[in-house]
Amino acid sequence: MAIAGFYKEGIDKQFRDGMASALNLFEDYVNTDLVREQFLQMFGNDMLCFSLSEEFGILPMWAFYAGNHSGIVIEVSTESSWFKNKDDISKTRLHKVHYIDGVFDEILDNPQAAFGSKTTVWSYEKEWRMYCGPNDIEKTISASPDPIHLIGFPSDVVKSVIVGFRASDDVIAGVRRVVNKNYPHAGIFLAAPNNKTSAIEISPI
C-alpha cells in the first residue's frame, strides 16, 4: 500500500507539473497580440450588445445618438423581469462598463472586463450593457455599415419616452401614436438644455 501510494503521489505530481507547464505555454500563446485580437473577434462576432446609459441628460449622447436633439431617448425600467437572470431573478443581466486606459495583458484572467471595458475618453457615456446571442434575434434590418438586429421586449420595460427639443412635429406625433398604442403607462417628455446651466431639463408634453 505504501509503494502504491508513493507511485500514485508521484504520478499525480508529474501530471500536475506537466499540466502546469502546458497551461503556461497555452497562456503565453493566447496572450500574444494576434491571438488576443482573434479571440476577441471570434467571440465578438457571436455576441450582441444592448447598450444603455445611466442618465438621459448627457449632451454629447444627444448629439451623437439622437440626431443632435432631433431624436428620442427611451427610459427603461431595469426592475423589469426582462433584465433579470433567468436562473436567478435576484441577479441582473446588465453589466456595467468599466473605463480604463491601457490593455488587458491576460484576457483569460478576466474576459468579462476585456469585453466590457472602454478607454476613459468614453467615460461620460456611463454605459451598461446586456449581452445576447444570435438566437435571441427576432428581426434583422439591412443597414450600413452594419445590420441592425432587433430583439423584442415586454411593454413594462418602457418607462417613458423623452423627445429632443429639435424633434419635428411628425416625430412627436409618431411618438404619441406608438406610446398610446403600445405603452399607455409610459410618460412622454420634452428635453431641452437650460440656457443658464446647460443641463438637460424635461417637461411633460
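Give the residue, chosen from Tyr99, Tyr124, that is surrounded by 11 or more Cβ atoms within 10 Å (Cβ to Cβ), of a type in the set (Phe, Trp, Tyr) and modelled with pLDDT under 90. The conditions single out Tyr99.
Residues in the range 61-87 that are more than 22 Å from Leu48 (Cβ to Cβ) and surrounded by fewer than 13 Cβ atoms within 10 Å (Cβ to Cβ): Ala63, Asn68, Glu79.
Residues in the range 160-177 that are among the aliphatic types (A, V, I, L, M) and touching a residue at least 12 places away in the same chain (Cβ under 8 Å): Val161, Ile162, Val163, Ala167, Val171, Ile172, Val175. Quick one: Pro145 ticks every box in (1) modelled with pLDDT under 90; (2) under 17 Å from the mean Cα position of the chain (by Cα) except a single one, so which number is it? For Pro145, the exception is condition (2).
Here Ile151, Ile141 are screened, and the one residue that is loosely packed, with under 11 Cβ neighbours inside 10 Å and among the hydrophobic types (A, V, I, L, M, F, W, C) is Ile141. Please list, ordered by residue number, the strands (runs of 3 or more DSSP E) wholly in the range 117-194 having 3 or more residues that are within 19 Å of Thr78 (Cβ to Cβ). The strands (runs of 3 or more DSSP E) meeting that bar are 127-132, 158-164.
The values are calculated or read from the model by the stated rules, or taken from the named source; none is laboratory data. Computed from a prediction, not measured in an experiment: that's the story for all the values here. Neighbour counts are summed over all protein chains in view; Cβ atoms, including those assigned to glycine, are modelled from backbone coordinates with ideal geometry.
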